[in-house]
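First comes the structure, then the notes that go with it.
The values are calculated or read from the model by the stated rules, or taken from the named source; none is laboratory data. All of these numbers come straight from a predicted model, not from anything done at the bench. A quick note on method: Cβ atoms are made from the backbone with ideal geometry, for glycine too, and the neighbour counts reach across all protein chains shown.
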Amino acid sequence: MFDVQTLIQLVVSGISVGMIYGVVAFGYQLTFATSSTLNFGQGEALMLGSLAGYTIMTQLAAHLGLPMPLAYALMLPFVLIFGMLQGAIVERLGVRQAIKTKSEAGWIMATIALGIIFKNLAENIWGRDTFPFPSPLPEEAIQVMGIRILPMEVLIVCGAIALMAAVELFNRRSIYGKAVVATSADIGAAGLMGVNTAQVITLSYALSSLTAAFAGVLVGPVTLTGASLGSALGLKAFAVAIIGGLNSGMGVVVGGVLLGITDRLTGYYISSGYQDVPGLVMLLLVLSFKPSGLFGKAKIKKV
Amino acid sequence: MRFARRTMMALVATTALTSAAFAADPIKIGLSGPFTGGSASMGVSMRDGVRLAVDEINKAGGVLGRPLLLVERDDEAKNDVGVQVAQELINKEQVVATMGYINTGVALASQRFYQEAEIPVINNVATGTAITKQFPENNYIFRMSANDVIQSGMIAEEAVKKRGFKAPAILADSTNYGQLGQKDLEAALAAMGIKPVAEEKFNIGDTDMTSQLLRAKAANADVILTYAIGPELAQIANGMGKLGWHLPMIGSWTLSMSTFIDNAGANGEGAVMPQTFIQSPTTPKRKAFIDAYQAAYKVDRIPSPISAAQGYDGTLLLAAAIKQAGSTDGAKIKAALENLNTKVEGVVTIYDHPFTATDHESITANIPVFGMVKNGRVVAENPADLEGANAVRVKAH
């Protein structure tokens with residue numbers, strides 16, 4: 001009954017799903033690092049990116065007569081900008097007030113509420129049904145040593161890694177990135193040293209939604225797209241962020257892949273009904289034994 | 001002067017009398033269905049079919065001289081919302097009867113409020129067998145769709161007897177609909193001496209079916225039997241395409257949903273499912289219905305033809321019952337439904353005494369035919385099933 005090929009097939013499938021969780025969780029981590037808040041509407045940010053990308057891409061293909069792959073590539077920068085704007089809106093409407101008044105949970109409510117509003121907006125604009133997202137790559141699976149992978153799944157993994165590498169590079173090389181790192185390290189000191197921490201927080205939200213929107217157009221061709229795309233993904237990615245550690249970029253990626261693989265393996269070897277259980281069990285274990293996450297650093301507060 | 005005053009009084013009197021006729025107290029009918037979410041295409045089609053019938057009835061003068069007024073509420077395919085909707089429709093809106101339900105779970109959760117209030121419920125679409133059996137005594141629940149015992153029987157027969165499959169895998173979702181349907185399928189298969197080689201489940205919203213399909217493959221399944229709704233069914237078909245492992249899909253009527261057909265694309269071609277109504281003008285009444293629907297809602301393909309047709313027919317039966325009862329009292333409408341004197345020509349079939357005191361199912365096993373997904377639409381698997389004398393199949397009494 002034990003078949004290595006099936007095992008590898010499941011692992012491969014789990015990696016591509018896990019990468020998406022990882023990218024969304026990466027978004028959570030970006031904002032948490034700088035402002036100790038996160039966007040509970042991250043799933044909806046992904047959904048909006050996916051739908052906006054769908055519209056831009058189909059419009060480009062229809063009006064300019066472009067083939068799908070080219071339309072997809074051209075659509076990407078627009079979606080990234082869209083994501084940044086959406087993130088900035090969330091920050092300005094939901095989070096800024098809460099930070100100013102040092103409200104403990106205000107930003108939680110605000111981002112959840114904004115998420116619901118965005119979902120309703122999406123339902124009104126794009127309808128309530130799910131629909132297929134045109135794939136830029138051929139939809140036939142490729143065979144690698146008997147394992148079947150969709151070209152799009154390979155793109156998901158490469159795209160996710162590329163995006164996260166780009167953000168990390170940005171943080172290390174550019175001056176804005178350095179400001180982000182400084183604010184993450186110590187917001188008070190950074191402010192005193194002349195860093196405009198408010199702008200940094202806005203930027204981190206913009207980056208966070210940018211990664212979510214990008215994840216949205218990566219995952220669309222594989223999972224179908226629609227206004228309800230965000231909810232389940234957002235929740236799973238939140239679990240991944242906790243498991244990986246909310247202040248570690250690498251941690252969330254590893255956490256995502258780990259969750260994706262265990263989900264698939266449980267679904268196969270134990271029972272498809274228990275597929276969601278390992279993620280929740282891992283979450284409970286991490287919270288009990290290492291609350292800062294597998295790769296997170298515990299914050300030491302000097303009293 | 002006196003003459004003018006007399007004319008004035010006559011004018012006022014006639015206006016008052018005519019406006020009284022036009023301002024007749026409308027008969028409130030509740031409508032509960034999912035207008036958002038994964039089941040929305042069924043809910044919206046049902047609603048539109050019902051609205052079409054209500055418009056036609058009102059244009060012809062209404063029922064008992066009163067217009068029908070639909071009170072529509074979105075139950076979001078969630079059991080708890082359905083319960084809230086039921087309570088609102090009964091207590092606040094005080095509806096005379098309610099039409100509804102796409103989702104078995106929502107129906108089962110909400111119906112008892114109507115039963116207690118003695119308000120009839122016409123279930124247009126939900127197929128869970130337990131729905132009309134929930135209240136054995138003095139049952140107020142009626143059904144227009146082909147229930148799951150009928151459908152699972154048809155599915156099992158098609159898979160085992162007609163196509164000779166011996167190793168079916170059942171893929172069902174985790175809702176009441178999927179799980180109860182799976183039980184019905186198991187029973188139907190057992191009656192033919194076949195046991196499913198794999199039984200897999202998944203949640204609404206799941207997009208990756210790799211584990212479930214690989215388990216079915218490891219068990220050497222030769223056919224996939226499904227009990228789920230559109231988007232997840234599409235992911236099953238797409239999952240098989242991805243794995244390069246194509247098995248025929250035979251399943252419940254939801255394989256006709258536009259969300260399945262559109263999202264599965266080429267992977268969904270050839271799927272078959274029991275259908276009480278296929279969007280095809282096989283009789284003048286059906287043609288008129290399809291044309292009216294397309295004109296009123298500006299679509300070519302009805303998103304869920306069965307939901308629309310059964311919603312339409314349900315409204316016709318309810319109107320006929322209210323007319324026969326001569327009142328809007330729930331118990332009298334129920335009695336009228338159970339003893340309908342007039343033949344009602346519906347879209348699905350011609351209804352002649354569709355219900356009795358003990359039988360609240362308007363569809364018997366001989367009425368549905370198998371539909372097949374072909375070129376993005378649902379057609380009859382075997383066109384002869386709907387030709388000539390077979391076009392209208394009536395309830396076997």
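When residue A:110 is tested against (1) exposed (fewer than 15 other Cβ atoms within 10 Å of the Cβ); (2) under 30 Å from residue A:199 (Cα atoms), just one condition goes unmet, and that condition is (1). Do the conditions hold for residue A:128, that is, is it within 30 Å of residue B:241 (Cα to Cα) and among the basic types (Lys, Arg)? Yes, satisfied. Could you tell me whether residue A:142 is closer than 25 Å to residue A:69 by Cβ, surrounded by fewer than 19 Cβ atoms within 10 Å (Cβ to Cβ) and over 18 Å from the mean Cα position of the chain (by Cα)? Judged against the criteria, residue A:142 is a match. Residues that are within 25 Å of residue A:129 (Cα to Cα), touching a residue at least 60 places away in the same chain (Cβ under 8 Å), assigned to a helix (DSSP H, G or I) and within 14 Å of chain B (Cβ to nearest Cβ) are absent from segment A:202-214. Taking the numbered list (1) within 10 Å of another protein chain (Cβ to nearest Cβ); (2) surrounded by fewer than 21 Cβ atoms within 10 Å (Cβ to Cβ); (3) under 23 Å from the mean Cα position of the chain (by Cα) in turn, residue A:284 passes all entries but (1). Of all residues in segment A:229-249, at least one satisfies being farther than 25 Å from residue A:7 by Cα, surrounded by 18 or more Cβ atoms within 10 Å (Cβ to Cβ) and within 10 Å of another protein chain (Cβ to nearest Cβ).
Suppose we keep only residues that are more than 14 Å from the chain's Cα centre (by Cα) and among the small types (Gly, Ala, Ser) within segment B:106-141. Which one would you say is farthest from residue B:277 (Cα to Cα)? The qualifying residue farthest from residue B:277 (Cα to Cα) is B:117. State all residues of segment B:232-271 that are charged (D, E, K, R) and at the interface with another protein chain (Cβ under 9 Å from one of its Cβ atoms); if no residue qualifies, say none. B:242, B:262, listed by residue number. Could you tell me which numbered condition residue B:200 fails, if it satisfies all but one of (1) acidic (Asp, Glu); (2) surrounded by fewer than 24 Cβ atoms within 10 Å (Cβ to Cβ); (3) within 9 Å of another protein chain (Cβ to nearest Cβ)? Going through (1) acidic (Asp, Glu); (2) surrounded by fewer than 24 Cβ atoms within 10 Å (Cβ to Cβ); (3) within 9 Å of another protein chain (Cβ to nearest Cβ) one by one, residue B:200 breaks only (2).
On inspection, residue B:342 passes the criterion of being more than 19 Å from the chain's Cα centre (by Cα) and not small (Gly, Ala, Ser).
Filter segment B:53-76 down to the residues that are on the phi < 0 side of the Ramachandran plot and not hydrophobic (A, V, I, L, M, F, W, C) and list them by number.
First, the residues of segment B:53-76 that are on the phi < 0 side of the Ramachandran plot: B:53-60, B:63, B:66-75.
If the condition is that a residue be on the phi < 0 side of the Ramachandran plot and not hydrophobic (A, V, I, L, M, F, W, C), then B:55, B:56, B:58, B:59, B:66, B:67, B:72, B:73, B:74, B:75 are the ones that fit.
Given the structure, is residue B:228 within 14 Å of chain A (Cβ to nearest Cβ), within 21 Å of the chain's Cα centre (by Cα) and hydrophobic (A, V, I, L, M, F, W, C)? Criteria met by residue B:228. Of all the criteria given as (1) exposed (fewer than 15 other Cβ atoms within 10 Å of the Cβ); (2) within 28 Å of residue B:118 (Cβ to Cβ), the one not satisfied by residue B:294 is (2).
Look through segment A:251-276, keep the residues that are among the aromatic types (Phe, Trp, Tyr) and more than 8 Å from every other protein chain (Cβ to nearest Cβ), and return whichever of them is farthest from residue A:292 (Cα to Cα). Within segment A:251-276, the match that is farthest from residue A:292 (Cα to Cα) is A:269. If the condition is being among the hydroxyl-bearing types (Ser, Thr, Tyr) and assigned to a helix (DSSP H, G or I), then segment A:251-286 contributes A:262, A:266, A:268, A:269, A:272, A:274. In the condition set (1) among the aliphatic types (A, V, I, L, M); (2) surrounded by 14 or more Cβ atoms within 10 Å (Cβ to Cβ); (3) within 30 Å of residue A:66 (Cβ to Cβ), residue A:125 is compliant with all but (2).
Only one of (1) out of contact with any helix residue (DSSP H, G or I) (no Cβ under 8 Å at 6 or more places or on another chain); (2) within 17 Å of residue A:46 (Cα to Cα); (3) aliphatic (A, V, I, L, M) fails for residue A:109. Which number is that? Tallying (1) out of contact with any helix residue (DSSP H, G or I) (no Cβ under 8 Å at 6 or more places or on another chain); (2) within 17 Å of residue A:46 (Cα to Cα); (3) aliphatic (A, V, I, L, M), residue A:109 fails exactly one: (2). Scanning segment A:106-113 turns up no residue that is free of Cβ contacts under 8 Å to residues at least 12 places away in the same chain and under 24 Å from residue A:153 (Cβ atoms). For segment B:361-375, the criterion of being modelled with pLDDT of 90 or more and among the small types (Gly, Ala, Ser) is met by at least one residue. Look at (1) crowded, with 23+ Cβ neighbours inside 10 Å; (2) touching a residue at least 24 places away in the same chain (Cβ under 8 Å) and you find that residue B:211 fails only one, number (2).
Note on segment B:57-89: among residues that are hydrophobic (A, V, I, L, M, F, W, C) and out of contact with any strand residue (DSSP E or B) (no Cβ under 8 Å at 6 or more places or on another chain), the one that is farthest from residue B:325 (Cα to Cα) is B:77. A residue that is assigned by TED's automatic domain parsing to the domain that holds residue B:138, surrounded by fewer than 23 Cβ atoms within 10 Å (Cβ to Cβ), farther than 30 Å from residue B:115 by Cβ and aromatic (Phe, Trp, Tyr) occurs nowhere in segment B:347-355. Taken as a whole, segment B:377-394 holds at least one residue that is basic (Lys, Arg) and crowded, with 18+ Cβ neighbours inside 10 Å. Exactly one residue out of B:247, B:233 is outside the structural domain of residue B:125 (by TED's automatic domain parsing), of a type outside the set (Ser, Thr, Tyr) and under 28 Å from residue A:231 (Cβ atoms): that is B:233. Scanning segment B:356-372 for residues that are over 19 Å from the mean Cα position of the chain (by Cα) and buried (at least 20 other Cβ atoms within 10 Å of the Cβ) yields no hits at all. Consider segment A:215-228 and keep the residues that are of a type in the set (S, T, N, Q) and not in a helix (DSSP H, G or I). The one that is farthest from the other protein chains (Cβ to nearest Cβ) is A:225.
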